[in-house]
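The values are calculated or read from the model by the stated rules, or taken from the named source; none is laboratory data. Remember, it's a predicted structure, so these values are computed and weren't measured experimentally. Reconstructed Cβ throughout: ideal geometry from the backbone, glycine too, with neighbour counts over all protein chains shown. Please note that ligands, DNA and RNA were not included when accessible areas were found on the heavy atoms of the full protein model with its side chains. Shrake-Rupley method; radii C 1.70, N 1.55, O 1.52, S 1.80 Å.
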Amino acid sequence: MLSGLLLIPLLGAIALLVWPGAVSGERLRRTCLALLVLQVAWSLRVLWQFDPTISGLQLEEIAPWVGSLGLDYRLGIDGLSLPLVLINGALSLAAALVTSTSTPRPRLYYALLLLISGAVNGAFLAQNLLLFFLFYELELIPLWLLIAIWGGSNRAYAATKFLLFTAVSGVLILGAFFGLALATGTADFSLQPLLGQELGMGMQLLLMGALLVGFGIKIPLFPFHTWLPDAHTEASTPVSLLLAGVLLKLGTYGLLRFCLGLFPDAWQLMSPWLAGWAAVSVLFGSLAAIQQQDMKRMVAYSSVGHMGYVLLAAAAATPVSLLGALFQMVSHGLISALLFLLVGVVYATTGTRDLNVLRGLLNPERGLPITGSLMIAGVMASAGIPGMGGFISEFLVFRGSLVPFPVPTLLCMVGSGLTAVYFLLLVNRVFFGRLSPPADDLDTPLPAVPLARQIPALALTVAVLLLGVAPQALGTLATATTTAMGRAPQRLAALPVSAAPDRLLAGGMGQ
Amino acid sequence: MNRFPLYRIGGPSRLRTRAAAATVRSTRRSFEADMDLFGVLPALTELPHLAAASLASVPLATAPAIGLGITAAQLNSGAIAPEAAILIALLVCLLVDLAGEEAAVRWVPPICYAGLGTALVLLARQWNAPLEPSFLGSFLADDLAVAFRAVVAASTLLSLMISWRYVERSGSPVGEYAAILLAATLGAMFLCGSTDLVSIFVSLETLSVSSYLLSGYMKRDARSGEAALKYLLVGSAAAAVFLYGASLLYGLTGGSTGLDAVGVALQTSATPVTALALVFVLATVAFKIAAVPFHQWTPDVYEGSPTPVVAFLSVGSKAAGFALALRLLVGCFDSFDTQWKLLFTVLAVLSMTLGNVVALAQTTMKRMLAYSSIGQAGFVMIGLVCGTEDGYAAMVLYMAAYLFMNLGAFACIILFSLRTGSDRISDYAGLYQKDPLITLGLSLCLLSLGGIPPMLGFFGKIYLFFAGWADHQYLLVVVGLITSVVSIYYYISVIKMMVVKEPQEASDVVKAYPPITWNLAGMGTLRTALVACVLVTAVGGVLSNPLFTWANGAVTGTPMLQQSIASSAAREATAIAAAPVPPTPAILG
């Protein structure tokens, strides 16, 4: 069942690569779209079979693979991974849809797209640490190629920077997994919650720190974020969409699943610092976004800020905040994908993303009215206007985190306010005002964007609205899991307190 | 010396027009002349015969015993049946070579395949066979030896398959080339199973002398001559050092050269002489596996030598070196394992760091792969230092994985240099358009060398790091992890050249790329070897469980390794028992 989510894109990618003879780009595109639609349908089938009342893993699949390494093929899905698998399918499809029909080297392009989609699914479903790592690394080279081949003018630099940062993050994660699996004395990498409990606190902190930095690079958190704006600026629109919408979620997913799930004690000890770090990351991302002159860089920095909320919610680790973290992951995936998509449309039609150049694109006759309207909806959602997806997630995050960490939460709220500042700047400059006429011929309208190309953006806007209006759909899916995760640390924290007095008493009696 | 460019076309046709006997004579003569230029023993040109003779002397290592009426059954000569098959192939190759170049070109390849194929089949039959020392204790065909001999034989087979066209094009006689390579293989295979200081030295020299000849085989190319001379000088020094170390060990045993006797003698003596012997022996091993700081010969030799020879040296010769390391260090110096493990840790850290960092700066493929092979040897040394079951198994596994991915990479760069005559990394720019096979093959092999999933190299590397971490070799694993990020960078930069560069950015060499043809003699086998290596590298990772079972079997089927594992476990247990128990305050009260 779950293997289908891996096999469809991965085998599809191989088939696309090795299919003999010359195949036209249009045909490749259609094959890729068909495979991605199939993948989405398959994820919906998984959704159909999923029982939201169970907090643990479902639909598990276990097969032995390499016994000597402790690596077995073990997949499972729960309320945390299912929504992410769903948005991965949807956004991969969107990325393929918005790809220009005349993209160069289509065979490699669509194969890599499928490869990434399959690898990301694998990482979300893997229930073995090494298997997760395998999929986490598998996505590295295809994305590097996607940026390096189809990127902008400075793509070589951005792609290599991305590659090195992610490779370092992979090494840190692998080291931590080794430490975890072998320090507990068993050569077993299967993912059991609370595995780290058996270790001493020093070791737990060390391993969790390595994981934290590893995933912090991927999320990205300040100060490990520097690869992201470069990668986004140079990547083409579909790749940016995937990167922001799906791949960054690997980092936050790892944070929740591995850092919090495996080391709840150490996590709790560190959580005030983590909340502080989240606030710094949010404020830095927002302030840096205000400074940007490039639309894409601005959206990229806003990602740095918005992913900080997830760290804040994870640090609080209350049932409500964790649900908020999941909502934030989903809504940020949809919203940032939408924003990158629209920035891509603007760039494709006007040839620039410079805020100092663009003016008045909302002009109904000569501008981009639909794109402009959708952009306004997108930035409203991103700034957390009630009724949109962003509001629900930010509300849940702040509501869940305010009690344990009042000051960092308030600082993050300031960051949320700053979101409105920079996005209003963007909308005000680019879409409002008077459309500056071209110097020579006064009445040349911008080329109209065909409706077919607007469909992904429209669909994403609808999804963002739906998430805001009817959040219970996602809530029902995820609540059981996030509640269980949120309770676990408290229950365990309670254990030593109740056990310790007994032991002390016993010692005293012995004397 | 008459110089002409390395990759010039036209040599073979000229050779074919000559009378066969004259060819042989003239090549012999020019060979001698070249060797005289080096100031090397002219007798070395008689190498194949010398090799055959010295191989015959391996059993004679314990010559006095033969006088005492030893029967053939006690010699257990069946253990070297695979080597015998290769020896026969070697002799037949030489005989065919006498019949002229044309006959050689036609018949030498099938003879070599037959010999090596038979050897591999015979090796498979020796797997897990009842263990009996042969030739009165100078050779042992345990599973470890079988595994490493199989790696060596397979590397020769693949190296030969990728070299026919290259050798023919360079205008050198094929028969002699094959014979010398087979002699080197024999030396390497004997080295894997030798359990006596004398047989170790003889097989080591057979391997080394053949390697010197091979690296100087492009005799009209000055760089090849330089490589051979450097290799010869450094190699002879290493051999002398080994002999000195061996003589010290001989003295310690009081008159025996068997490794068992040496091991027993070392257990009871902890004199400075032993330390000296250890250092000498270790230097030889480090030279053979090109560990830093004994690596200086590698880049120059790799750059100057014919590329197929480099392919063999980087895999076959290195595998034999690791087998030697296991025999000597684990088998003999087991009682000094803290000392040699410390030394090897230093060597491994230096190799991984220097090999991978210097590879960043290289501009030619061969030099880049030379430094990368130094780094890769550093990774393998992690397994050696561990000394656990997993550690040894990871070594065997990684050598097998390295065989395929490295030879696959070499097959690609040989094919590229055959088509363009270039070896510079920048000349690969834009290759994807002109030659998808090389691009795909080289990309997959380099990704595998860099340890990217789901390639075979990923699993091999993970297993090494896993074994290292399980044995608490944190320093080694951390250095390994960091340097593999560095290695990804330089492997990726080659892929970037080939795949990412657009047609308009392509190098001049690629712009003038010849149309792809496979119908020239020797090209078909090159393609077969390339595709086979790339397939194993790409698919072998996902299906690697049998390979893991095989590697683990090689370790469990080797009494020497089992003994060492058991004794180190016992030492650990006594160390834990002997450690003072921290007093618990509650009880004291």
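Pop out the carbon and sulfur fraction of the accessible area of the stretch B:240-381 as a percent, whole number, probe 1.4 Å.
On the stretch B:240-381, the fraction of accessible area on carbon and sulfur atoms equals 68 percent.
If you take the accessible area of A alone, add that of B alone, and subtract the area of the pair, what total do you get in Å², probe 1.4 Å, to the nearest 100?
Adding both sides of the contact gives about 2900 Å².
Given Cα pairs under 8 Å that are at least 6 residues apart, what percent is the relative contact order of the stretch A:266-309?
So the answer I get is 42 percent.
Where only protein heavy atoms count, and the probe is 1.4 Å, what is the accessible area per residue for the stretch B:368-429 in Å²?
On a per-residue basis, 11 Å².
Counting alpha carbon pairs within less than 8 Å and at least 6 residues apart, what relative contact order, in whole percent, applies to chain B?
Over chain B, the number comes to 14 percent.
So what are the ³J(HN,Hα) numbers for the stretch B:407-422, from phi and the Karplus equation (6.51, -1.76, 1.60; θ = phi - 60°), rounded to whole Hz, Gly and Pro as x?
Karplus values, whole Hz, x for Gly and Pro: 5, x, 5, 5, 4, 5, 6, 5, 4, 5, 6, 5, 7, 10, x, 10.
Could you work out the relative contact order of the stretch B:298-396, using alpha carbon pairs under 8 angstrom and six or more residues apart, expressed as a whole percent?
For the stretch B:298-396, the relative contact order is 29 percent.
Roughly what percent of Cα-Cα pairs across chain B reach past 46 Å?
Roughly 13 percent, once rounded to a whole number.
Which whole number gives the average, over all residues in B:458-470, of C-beta atoms from other chains lying within 10 Å of the residue C-beta?
That average works out to 5.
Under unit Cβ charges (Lys, Arg +1; Asp, Glu -1), what dipole magnitude, rounded to 20 debye, does chain A have relative to its Cα centre?
In debye, rounded to 20, chain A gives about 560.
Do the alpha carbons of any pairs in A:Lys161/A:Lys249; A:Lys161/B:Lys318; A:Lys161/B:Lys511 sit beyond 25 Å of each other, and which pairs?
Those over the limit are A:Lys161/B:Lys318; A:Lys161/B:Lys511.
Which one of A:Leu59, A:Trp19, A:Ala119 has its Cα pushed farthest toward the positive end of the charge dipole of the stretch A:1-126, where Lys and Arg give +1 and Asp and Glu give -1 at the Cβ?
A:Trp19
Nearest 10 degrees, 0 to 90: what angle lies between the long axis of helix B:272-288 and the longest principal axis of chain B (Cα atoms)?
For helix B:272-288, the angle is close to 30 degrees.
In terms of the ratio Rg/(2.2 N^0.38 Å) built on C-alpha atoms, what value belongs to the protein assembly as shown?
Ratio of Rg to 2.2 N^0.38 Å for the protein assembly as shown: 1.04.
Enter the accessible area of A:Arg45 (Å², nearest 10), with the probe set to 1.4 Å and all protein chains included.
110 Å²
For B:Asp196, which sequence-distant residues (separation of 5 or more, or a different chain) have an amide H within less than 5 Å of its own amide H, given hydrogens modelled in the peptide plane?
When sequence neighbours closer than 5 places are left aside, the close amide H contacts are B:Leu259.
Rounded to the nearest 10 degrees, what's the angle between the helix B:545-556 long axis and the longest principal axis of chain B, both from Cα atoms, 0 to 90?
50 degrees
Short version: which residues of the stretch A:64-78 lose at least 30 Å² of accessible area, all chains versus chain alone, 1.4 Å probe?
Buried-area filter returns A:Trp65, A:Val66, A:Ser68, A:Leu69.
Provide the per-residue ³J(HN,Hα) series for the stretch A:467-480, in order, calculated from phi with Karplus coefficients 6.51, -1.76, 1.60 and θ = phi - 60°, each as a whole number of Hz, with x at glycine and proline positions.
Along the stretch A:467-480, the couplings run 4, x, 7, 10, x, 5, 4, 5, x, 4, 4, 9, 4, 4 Hz.
By how many degrees, between 0 and 90 and to the nearest 10, does the Cα long axis of helix A:106-125 differ from the longest principal axis of chain A?
Between the helix axis and the principal axis of chain A, the angle is about 30 degrees.
Residue by residue, what Karplus-based ³J(HN,Hα) values in Hz, rounded to whole numbers, does the stretch B:93-107 have, using 6.51, -1.76 and 1.60 with θ = phi - 60° and x for Gly and Pro?
4, 5, 5, 4, 4, 5, 6, x, 5, 5, 5, 4, 4, 7, 9
Taking only the alpha carbons of the stretch B:359-498, what extent do you get along each of the three principal axes, in Å, biggest first?
So the three principal-axis extents are 47, 25, 21 Å.
Does a label point 7 Å from the Cα of A:Val357, set along Cα-to-beta-carbon, have any residues of the stretch A:220-260 with amide nitrogen under 18 Å, and which are they?
A:233-237
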